Amino acid sequence: MMKISFYAPMKPPDHPTPSGDREIARALMRALALAGHEVTLASRLRTFDRDGDARVQHGHRAQGERDARGLAARYASAGRPDVWFTYHLHHKAPDCVGPHVAHAVSIPYVVAEASLAPRQATGTWSVGYALARDAIRDADAIVHLNPADIAEVRRVRGDARDLWLGPFVDVAAYARERVRQRDEVRLVTVAMMRQRAKLASYRMLGRALAALDDLAFSLVVVGDGPARADVEAALAPLGDRVEWRGALPRTAVIATLRDADLFVWPAVDEAIGMAFVEAQAAGLPVVAGRSPGVAAIVDDGRSGLLTPLDDAAFADAVRRVIVDAALRARMAHAASARAFAHHDIVGAAAKLDALLRDVVSAARREARPSRPAPSPALP
């Protein structure tokens, strides 16, 4: 058993607001625990800077260094962890804590879902970019969750000790029960109601489904948020076809997915989309907008259909699945099989365990007196 200090600078896993990011953090903690390790949330410091304010980024850096000194002192007296594990760092949410702790107490530093956008090196997030770049460069291992991130991360640090690990859930918890017979096809989507990308997806969904008024279908919407009024306006053309469920606890989300026939979501600017993993685990075919992150989860033509971000193309794909019951059945079977094969927590736990054991063993073999100090040279 290893002691693992876990940190998610974008959003802590116990944050009250649901999101895919929070669910992935929780899933990683569960997987590490399933592998037999003791996982402790080390910090709740959020370093997310939505607007690109250098003063905010410098403030996060200073606070992170202070928190790191406190953690290092605590570990010195109470026993240090074996690994520091950070989930999801990028220029808008760099890790300002973990690299300093790992250096101070000489433990391996591992990052899951590291992302770099080179155009931000001289932009308004340049401080956050430099912090993220240095943490990625000096990490002992990288766990890739989004294929779109791999090339740039490898350019900065090479491919030594990196692992591809698709997003995952406890697939057994989603095992699908027999869907009740009904005349209409029940569509479902699960997404927060926020401005920008989420709202753009809802608007595209509303326009596409409005073109299918000759078909018998309904849409269940799970989610809530500050853009609720705008989302309601976007789906208003569907009238009473829409059933609003609001934000639901995980068990209710699972039950809702089990009772649907097809998962639909355009996924505008979607990086990964945990909802697609959950939908397939529940045996649901998927119609989604095509992106590298979504394509790594949904097998186009087998477990679902991926389309360009175009209203007509999306509507045509939904129509195809609605009218062809045999196609829906084949895709439902393929979705379940894919979830078990590629997105189950049991397999993820085994892969993470093997990586961390390798990292810790290598650190002990090297018997290094200390890690390289994080670079202080920032703008």
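The values are calculated or read from the model by the stated rules, or taken from the named source; none is laboratory data. These numbers were taken from a predicted model, which means no experiment stands behind them. Backbone-built Cβ (ideal geometry, glycine too); neighbour counts: all protein chains shown.
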Does A200 satisfy the condition of being over 30 Å from P108 (Cβ atoms) and either assigned by TED's automatic domain parsing to the domain that holds A112 or over 26 Å from the mean Cα position of the chain (by Cα) (or both)? no
(1) in a helix (DSSP H, G or I); (2) on the phi > 0 side of the Ramachandran plot: which one isn't true of A229, the others all being true? (2)
Go through segment 24-60 and give me each residue that's touching a helix residue (DSSP H, G or I) at 6+ places or on another chain (Cβ under 6 Å), surrounded by fewer than 19 Cβ atoms within 10 Å (Cβ to Cβ) and among the acidic types (D, E). none
Extreme residue, surrounded by the fewest Cβ atoms within 10 Å (Cβ to Cβ), among residues of segment 148-176 that are under 28 Å from G283 (Cα atoms) and among the aliphatic types (A, V, I, L, M): A172
So which strands (runs of 3 or more DSSP E) stay within segment 28-115 end to end and still have 1 or more residues that are more than 19 Å from L163 (Cβ to Cβ)? 38-43
For A68, state whether it is loosely packed, with under 15 Cβ neighbours inside 10 Å, more than 24 Å from the chain's Cα centre (by Cα) and farther than 30 Å from E278 by Cα. no
For A275, state whether it is in contact (Cβ under 8 Å) with a residue 40 or more places away in the chain and either assigned to a loop (DSSP other than H, G, I, E, B) or closer than 19 Å to L219 by Cβ (or both). yes
Would you confirm whether any residue within segment 123-139 is at pLDDT 90 or above, more than 28 Å from G52 (Cα to Cα) and buried (at least 16 other Cβ atoms within 10 Å of the Cβ)? no
Just a yes or no: is a residue in segment 195-208 part of a strand (DSSP E or B) and out of contact with any helix residue (DSSP H, G or I) (no Cβ under 7 Å at 6 or more places or on another chain)? no
Within segment 273-282, is there a residue that is surrounded by 22 or more Cβ atoms within 10 Å (Cβ to Cβ), modelled with pLDDT of 95 or more and out of contact with any strand residue (DSSP E or B) (no Cβ under 7 Å at 6 or more places or on another chain)? yes
Would you mind finding the one in G52, G20 that is touching a Gly at 6+ places or on another chain (Cβ under 9 Å), assigned by TED's automatic domain parsing to the domain that holds I136 and on the phi > 0 side of the Ramachandran plot? G52
